[in-house]
Amino acid sequence: MAKNLEKHIAQMSYSQIQKLLPDPDKILQRAGKGLEAYRDLMVDEHLYSVRQQRELKLQSMQWELYRSEAADAVYNLVNDCLKNLKIYELIKYILDARFMGTAIIEIIWGQKKGYWVPVQLEPKPIEWFKLKPDLSWRMYLPQNGAQNFNGEGESLPDYKFLIIQNSADPLSPYGEKILKRCFWPVTLKRGGLKFWAKYTEKYGMPQWIGKLPPGTPQESIDKLGDVLELLFDDGVAVIPADGSVEPMNPNASANSENYEKYLSHLENAISKAVLTQTLTTQLGDTGSYSATQSHANTLEDIAKADAQFVSEAIGTLIRYIVELNFSDIPDDLPKFVMFFEDEVDKVIADRDKILTEMGLKLNKAYFARTYNLQEDEFEIEPVKSASAEFAEGSPGSAFTPPAPLNDLSATLINAAVAKIQEFSSFDELLENLDKLYSALDVVKIREALAKESLAAQIKGSADANG
């Protein structure tokens, strides 16, 4: 009984049926094509546009490496490795997994100052890799321009590949593909454009019909036909006195609106698949400021989700770097984090507020550099504590916060003070302020600020009601 608790029992066995797991993508199976069918979709200008929106929003975010509990040597090595990579190019490679289900990136390592460091990261075609029934990967390189999956393939060396998958599960072992949901809208759009081009060619210019009296000789009919051709090409023609020329179906061009609606519907479907909304590329004359803001907020939410997806993938690379270079692997590795610039401004402001209240004096040069200000735009005034300004007791007395509040803040304050004492001068502290910040737990700082603010409000209310 107990041994069944430690293993999977509700799982399918493919070992007696096949050596490799097929991609159960029904669209590709019915089309009789491989993943190139999805790559070909990117020729569509609307799909390319909405994908660019998603990629550019993610690339507009800043990144930072949080120290967590990692030792200085571990943090510094990982930070140097990431800074020496084309990090936003790597982010783009990782995001491909959202669209194709899986992204596989080969890591080229090199020696630098006695450490193994990633020198280059290069995406590889997904078609070169297959899953076995035990979900281990095998590599099948093309031979003489052809792909052969009959052999055993090659196993993947440790620390050599980053394999990123989007929502892989037993029903979709190769991951969920956004482009799968774009296949039919793009395919139908191509067909619609073909018919629209023919329709425009047929009805975009006036068509004419010539009329002759009954019994007109064939020779006269042929001459009128030649006249109509001249009228179509040049807009000028001479017709017989007993004939007439009239436009045919003058309102037929209005029917082209049906094609426009059809194509617009398909492009909306593409936008929804990639962005979950349709507004930015399909706003037309019906948009509004609130709708635009809603779309911008949704795009930002998508970017944050993509940033978390990227952070987890780069977390694997960080683990590789640490395991290749250190025998003592910390439980809490440095974390790659992405954020929007306006978010970090508030976090830094909260940090500076805490450090200032602890007695640290920040100069004008620091504020100008950190907050992008000009030094002649502001002045620094000494901050007077509330207890010093309004207290009526003895000069040496000071407000003592409740014990629970001290317990909440003590750990954070002691950690910050310990780090500050490592520096030999104030200038050295300013130069290493970012390193000090990365050593602090931002989440705990926010919780402490929130709870201290609440406690202050409660005490103030109690004192007022006295």
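Here residue 103 fulfils each of the conditions (1) part of a helix (DSSP H, G or I); (2) under 30 Å from residue 267 (Cα atoms) apart from (1). Taking the criterion of being within 27 Å of residue 269 (Cβ to Cβ), of a type outside the set (S, T, N, Q) and touching a residue at least 60 places away in the same chain (Cβ under 8 Å), the residues of the stretch 43-90 that qualify are 44, 46, 47, 50, 51, 54, 57, 58. Filtered by the rule that a residue be within 13 Å of residue 173 (Cβ to Cβ) and not basic (Lys, Arg), the stretch 118-156 gives 126, 129, 131, 133, 134, 135, 136, 137.
Output the residues belonging to the stretch 251-293 that are at pLDDT below 75, surrounded by 13 or more Cβ atoms within 10 Å (Cβ to Cβ) and part of a helix (DSSP H, G or I). Those that are at pLDDT below 75, surrounded by 13 or more Cβ atoms within 10 Å (Cβ to Cβ) and part of a helix (DSSP H, G or I): 252, 253, 256, 291, 292. Condition first: at pLDDT 75 or above, surrounded by 12 or more Cβ atoms within 10 Å (Cβ to Cβ) and over 30 Å from residue 324 (Cβ atoms). Can you find one or more residues in the stretch 194-203 that meet it? Scanning the stretch 194-203 turns up no residue that is at pLDDT 75 or above, surrounded by 12 or more Cβ atoms within 10 Å (Cβ to Cβ) and over 30 Å from residue 324 (Cβ atoms).
For the stretch 95-102, the count of residues that are surrounded by fewer than 19 Cβ atoms within 10 Å (Cβ to Cβ) and either free of Cβ contacts under 8 Å to residues at least 24 places away in the same chain or among the polar types (S, T, N, Q) (or both) is zero. Could you tell me whether the stretch 322-343 includes any residue that is farther than 17 Å from residue 58 by Cβ and aromatic (Phe, Trp, Tyr)? Checking the stretch 322-343: at least one residue is farther than 17 Å from residue 58 by Cβ and aromatic (Phe, Trp, Tyr).
Could you tell me whether any residue of the stretch 53-70 is in a strand (DSSP E or B), modelled with pLDDT of 95 or more and among the aromatic types (Phe, Trp, Tyr)? The answer is no, given that none of the residues of the stretch 53-70 is in a strand (DSSP E or B), modelled with pLDDT of 95 or more and among the aromatic types (Phe, Trp, Tyr).
The values are calculated or read from the model by the stated rules, or taken from the named source; none is laboratory data. Because the structure is a prediction, the values reported are computed rather than measured. Positions of Cβ are generated from backbone atoms using ideal geometry, with glycine treated the same way; all protein chains shown enter the neighbour counts.
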